[in-house]
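The values are calculated or read from the model by the stated rules, or taken from the named source; none is laboratory data. Bear in mind the structure is a predicted one, so any value in this text is a computation, not a measurement. Counting neighbours? That spans all protein chains shown, and the Cβs are built from the backbone with ideal geometry, glycine included. For the accessible areas, the whole protein counts, side chains as well, though only heavy atoms, and no ligand, DNA or RNA atoms are used. Shrake-Rupley method; radii C 1.70, N 1.55, O 1.52, S 1.80 Å.
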Amino acid sequence: MSSTLDATARPTPPAGRGRGRRPARGGRPTSRVASGNTLSAGSALGLGIALTWFSLLVLIPLTAIVVTASERGWSGYWRTITNEQTLAAVQLTVGQALLVTAVNIVMGTMIAWVLVRDRFWGKAILDVIIDIPFALPTIVTGLVLLGLFGPSSPIGLDWAYAPQAVFLALAFVTLPFIVRTVQPVLGELEKDVEEAAASLGASRGTIIRRIILPSLTPAIAAGAALSFARAIAEYGSLVLLSGNKPFSTEVVSVRVLTFIENGSTSSAAAIASLMLFVALVVIVLLDLIQRRVSRRG
Amino acid sequence: MSIDVTGVTKKYGDFVALDNVSVTLPTGQLTALLGPSGGGKSTLLRIIAGLDTADSGSVHIEGRDATKLPPQKRNVGFVFQHYAAFKHMTVAKNVAFGLEIRKRPKQDVQAKVAELLDLVHLSQFAHRLPSQLSGGQRQRMALARALAVEPTVLLLDEPFGALDAKVRKELRDWLRRLHDEVHVTTIFVTHDQEEALEVADEIVVINDGRVEQVGSPDSLYDTPANDFVMGFLGDVTRLGGLMLRPHDIEIDVEPGRPGAVQGRITRVLRVGFEVRLSVETADDAEVKVELTRTHAQQLGLVEGGTVWLTPAVGATTVVATQPVPA
């Protein structure tokens, strides 16, 4: 199961990835890294390789985006990102991504709970099926959704070319993230901790609220960050069903592609840098919330 | 009487964990449930706490029928072998938990927590997280947490089992002193007979889901009800159809005492102040004898030497029905 998590988590930005998942982590930093310049030769080599790799893959391309975005000067940059159609696309993307992440926090935690704590027929199958949104090529997801919720919907729900289509596609592709981050942490929670709380007089609700959820918060936050990052980047699964109508169902990634196809790389880079900023803000916010909640108890 | 367990039976599938167990545990005392692993002692403790339910039988706590009560309503404190610390809360918050969910006023909670942390010598660690404590400290925190709600009974399930030998011994002494201070009815589960003999006022020996014997440490040691209890509470050996303790055998280098059994020393092992002998007799392949080093030197015992063995006067003996445990 962890292999599927690793394999599917790779395309997402590595910033903050997995850090919050350690259940034992408290808010206080308990750094094991020696302070100052006391790295051993082995650690120095490891750090060097990690930084080089990270720079090649992430830092340098990101810097290139910012440089490209600034080619036409501040006013050109400002004009691109305050363009009404662009703003509408950003609003739709970020709004739907936040909404989907919020839904995932509830549904994903619940599915993880059911998979870990309950015994029922078909549990093993469900456990495998959860990963299908990861495994399916996104354009195939688009086709599946178009078949079910398109103009010829067998269940009579024609959401094609409507903003709901964006939500639906995002919800489909991001479903597994929180399930897969919460599941192992929930599985490792010791039963005797809950029993201790019960014998101290805590009701089931109190145990969930004050003991279980705070222990799960780092995992939920990590999953939520992944889910949000994936949602603002999604392209393949929603292009077919959403129809990419400007001011209605056009998402940022489609807008970026349009700019590139029109040869306007600097405009595309400008939007990209804006989304980079949004992603950073959300990831930092999630981390702050997580620290708060997991310390509350 | 504090806790009355009557006719409790608990099965896990085909495995009978407790077989019609009835036992009364007295108020204000420190009682040990002693027995080998898998004998049912932890199950009994969990049934008293309400963490497991008995298939049949009843549990009364201070005269109140608790058989059907959930753990929240039993007012018992439970301490687990692996601490069961609330990892995301500070030590003080852990201890305060039971009081906070009872909605006690803030000042009362703070005062009680301070008092308890002082009692378990953790005052200076109040703001640490459990992960920053040693095992012994975590267990003391768990104990303070359980005591905070002023339980009618304090139940400890192998409380020192996960600790190393030295800390174990310290905590054992400390628990005994704590109990003399606090006087809450305490039951603890252990498989370590030395721990039970040293700490408990009363010992309940449980084996194979049944109570083998109940009594004070001395009475159990001196008058064991059967060879299981005898064997579990200390070393035993066999001399001519009797089970007795190796230090309860008189050893002579010449015949003389009535009923002495002749044998040959096959092994001499010196451990500190003590000398352990293996003696081969006509009836028994290996009789174990223990004596002090000074005594052994006086007698001049060597491997291959011939000796005569007699049960000491006043020795605890049980007629052997089982082979001597290896």
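State which residue is nearest to the chain's Cα centre (by Cα) when the search covers only region B:77-93 and only residues that are more than 7 Å from chain A (Cβ to nearest Cβ) and within 18 Å of B:LEU122 (Cα to Cα). Looking at the filtered set, the residue picked out is B:VAL79. Please determine, by comparing only the residues of region B:177-209 that are farther than 25 Å from A:GLU195 by Cβ and surrounded by fewer than 16 Cβ atoms within 10 Å (Cβ to Cβ), which one is nearest to the chain's Cα centre (by Cα). Filtering first and then ranking leaves B:GLU194.
One line per residue, one yes/no per condition, for (1) surrounded by 13 or more Cβ atoms within 10 Å (Cβ to Cβ); (2) among the aliphatic types (A, V, I, L, M); (3) at pLDDT below 85:
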| residue | (1), (2), (3) |
| --- | --- |
| A:GLY26 | yes, no, yes |
| A:THR30 | no, no, yes |
| A:GLY36 | no, no, yes |
| A:LEU51 | no, yes, no |
| A:THR68 | yes, no, no |
| A:TYR77 | yes, no, no |
| A:LEU87 | yes, yes, no |
| A:VAL90 | yes, yes, no |
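Among the residues making up region B:174-191, those that are charged (D, E, K, R) and in contact (Cβ under 8 Å) with a residue 12 or more places away in the chain are B:ARG176, B:GLU181. Mind checking whether some residue in region B:101-124 is more than 21 Å from A:ASP192 (Cβ to Cβ), without any contact (Cβ under 8 Å) to a residue 40 or more places away in the chain, of a type in the set (Gly, Ala, Ser) and in contact with a Leu (Cβ under 8 Å, 6 or more places away or on another chain)? Within region B:101-124, one or more residues are more than 21 Å from A:ASP192 (Cβ to Cβ), without any contact (Cβ under 8 Å) to a residue 40 or more places away in the chain, of a type in the set (Gly, Ala, Ser) and in contact with a Leu (Cβ under 8 Å, 6 or more places away or on another chain).
Starting from residues that are buried (at least 20 other Cβ atoms within 10 Å of the Cβ) and either within 14 Å of chain B (Cβ to nearest Cβ) or touching a Leu at 6+ places or on another chain (Cβ under 9 Å) (or both), keep the ones in region A:274-296 and report whichever is farthest from A:THR101 (Cα to Cα). Among those that are buried (at least 20 other Cβ atoms within 10 Å of the Cβ) and either within 14 Å of chain B (Cβ to nearest Cβ) or touching a Leu at 6+ places or on another chain (Cβ under 9 Å) (or both), it is A:SER294.
In the set (1) aromatic (Phe, Trp, Tyr); (2) at pLDDT 90 or above; (3) open to solvent by less than 60 Å² (accessible area, probe 1.4 Å), A:PHE134 fails one condition alone, (2).
Residues that are surrounded by fewer than 20 Cβ atoms within 10 Å (Cβ to Cβ) and in a loop (DSSP other than H, G, I, E, B) were ranked within region A:215-243; the one that is modelled with the lowest pLDDT is A:GLY243. Selection of region B:24-49 for residues being open to solvent by less than 10 Å² (accessible area, probe 1.4 Å) and either closer than 10 Å to B:ILE3 by Cβ or within 14 Å of chain A (Cβ to nearest Cβ) (or both) yields B:LEU25, B:THR31, B:LEU45, B:ILE47, B:ILE48, B:ALA49. Just one residue in the set A:VAL173, A:VAL182, A:VAL106 is loosely packed, with under 13 Cβ neighbours inside 10 Å and not acidic (Asp, Glu); that residue is A:VAL106.
Here's the yes/no breakdown for (1) hydroxyl-bearing (Ser, Thr, Tyr); (2) within 14 Å of chain B (Cβ to nearest Cβ); (3) within 30 Å of B:ILE47 (Cβ to Cβ):
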position: A:LYS123; (1), (2), (3): no, no, yes
position: A:SER153; (1), (2), (3): yes, no, no
position: A:VAL166; (1), (2), (3): no, no, no
position: A:VAL185; (1), (2), (3): no, yes, no
position: A:GLU190; (1), (2), (3): no, yes, yes
position: A:ARG204; (1), (2), (3): no, yes, yes
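Report whether or not A:THR265 is within 19 Å of A:ILE65 (Cβ to Cβ) and either at pLDDT below 90 or surrounded by fewer than 24 Cβ atoms within 10 Å (Cβ to Cβ) (or both). So A:THR265 passes the test. Of all the numbered requirements in (1) in a helix (DSSP H, G or I); (2) closer than 27 Å to A:LEU186 by Cα; (3) open to solvent by 20 Å² or more (accessible area, probe 1.4 Å); (4) more than 9 Å from every other protein chain (Cβ to nearest Cβ), B:SER131 misses one, and that requirement is (4). Look at (1) more than 10 Å from every other protein chain (Cβ to nearest Cβ); (2) surrounded by fewer than 21 Cβ atoms within 10 Å (Cβ to Cβ) and you find that B:ARG102 fails only one, number (1).
When you look at B:SER58, is it under 12 Å from B:ILE3 (Cα atoms) and among the polar types (S, T, N, Q), yes or no? Criteria met by B:SER58.
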